[in-house]
Amino acid sequence: MNCEICGDPIRGPPNRIVVEGARLVVCVKCSTYGEDYWQPASPSKAPERPLPRPVKTKRRPLPATPRKELGELELREDFGAKIRKTRERLGLTQDDLAKQAKERLSIIQKIELGKMAPNLQLTKTLEHVLKTKLLVPTVEPEPPKSVTAETQELTIGDVIQFKKKDAAKL
């Protein structure tokens with residue numbers, strides 16, 4: 001075993017001292033540099049603490065959000081141009097808009113160029129800062145016209161072509 005201060009081999013019993021809060025094992029001549037004698041805790045004497053139990057937490061239900069916000073609104077197609085025009089109309093730079101929206105400048109630049117679509121939270125923040133609407137109601141395409149009662153509906157019999165069996169073969 002070597003002295004932790006001078007590095008020389010320790011002859012005889014090692015001295016355990018505290019030097020500026022550090023616990024060291026040193027030789028006899030280096031033991032004058034430290035104070036107080038300390039004894040390392042033996043592993044057998046240390047009280048064994050039980051492992052903490054995992055805490056079971058109940059999941060909180062998500063707050064109910066109106067259906068309109070989730071499914072019936074979508075980002076307008078020209079969102080990048082709309083954000084840029086509104087920002088310029090308000091006299092803001094991209095950096096000013098990024099600071100007010102608490103977002104990085106590069107994200108604002110990508111959004112204005114249309115390379116990236118903002119998430120719902122950022123969209124709402126931009127709507128608030130720019131005082132404009134970026135979310136519009138979704139427009140669902142009209143379903144194709146179904147066969148009405150006026151036209152004759154097809155049945156499976158109209159589609160299948162029956163093969164007539166030859167009575168002589170049976």
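Looking at (1) of a type in the set (K, R); (2) modelled with pLDDT under 85; (3) part of a loop (DSSP other than H, G, I, E, B), which is the only condition R11 fails?
(2)
Which one is surrounded by the most Cβ atoms within 10 Å (Cβ to Cβ), of the residues in the range 58-113 that are outside any helix (DSSP H, G or I), among the charged types (D, E, K, R) and modelled with pLDDT of 85 or more?
Step by step, filter the range 58-113, then rank; the result is E103.
Quick check: is even one residue across the range 33-49 more than 30 Å from T132 (Cα to Cα), modelled with pLDDT of 85 or more and not assigned by TED's automatic domain parsing to the domain that holds T132?
From the range 33-49, those more than 30 Å from T132 (Cα to Cα) are 33-49; that's our starting set.
With the extra rule that they be modelled with pLDDT of 85 or more, the set shrinks to none.
The answer is no; no qualifying residue exists.
Counting only residues that are among the charged types (D, E, K, R) and either closer than 15 Å to H128 by Cα or not assigned by TED's automatic domain parsing to the domain that holds L113 (or both), how many does the range 90-99 have?
2
The values are calculated or read from the model by the stated rules, or taken from the named source; none is laboratory data. Quick caveat: nothing in here was measured; it's all calculated off a predicted structure. All Cβ positions, even for glycine, are placed from backbone atoms using ideal geometry, and neighbour counts span all protein chains on display.
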